[in-house]
Amino acid sequence: MRETTFNFGDIISTIVLLVIFFAIFFVMINMIKKMKSTAPLPPQETLEQKVDDLTTRVKMLEHQVNDLSERR
């Protein structure tokens, strides 16, 4: 059987690599969060605006129906 012994250099280099990995990982997560938070979102229509749009569309359709019924 062979015993595996670790030098202090092995332990230190492993710790350094792990720290670098975690640093890159958290930096990437923060960059993704910033990109999501700064993405320009189009303003959503309010319910009142939607109701107004539908009301104008209904009035236009009623006007068209009245025009068609007058033609007959």
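The values are calculated or read from the model by the stated rules, or taken from the named source; none is laboratory data. Values in this document were obtained by computation on a predicted structure and should not be read as measured data. Here the Cβ is made from the backbone with ideal geometry for all residues, glycine too, and neighbour counts use every protein chain on show.
Might you check whether a residue that is of a type in the set (Ser, Thr, Tyr), surrounded by 10 or more Cβ atoms within 10 Å (Cβ to Cβ) and either modelled with pLDDT of 90 or more or not in a helix (DSSP H, G or I) (or both) occurs anywhere in region 10-21?
First pass over region 10-21, keeping only residues of a type in the set (Ser, Thr, Tyr): 13-14.
Narrowing the set further to residues that are surrounded by 10 or more Cβ atoms within 10 Å (Cβ to Cβ) leaves 13-14.
From the residues that got through so far, the ones that are either modelled with pLDDT of 90 or more or not in a helix (DSSP H, G or I) (or both) too are 13-14.
Yes, the conditions are met somewhere in region 10-21.
Residues in region 62-72 that are acidic (Asp, Glu) and surrounded by 10 or more Cβ atoms within 10 Å (Cβ to Cβ): 62 alone. You will find that of 59, 50, 36, the residue that is exposed (fewer than 10 other Cβ atoms within 10 Å of the Cβ) and of a type outside the set (Ser, Thr, Tyr) is 36 and no other.
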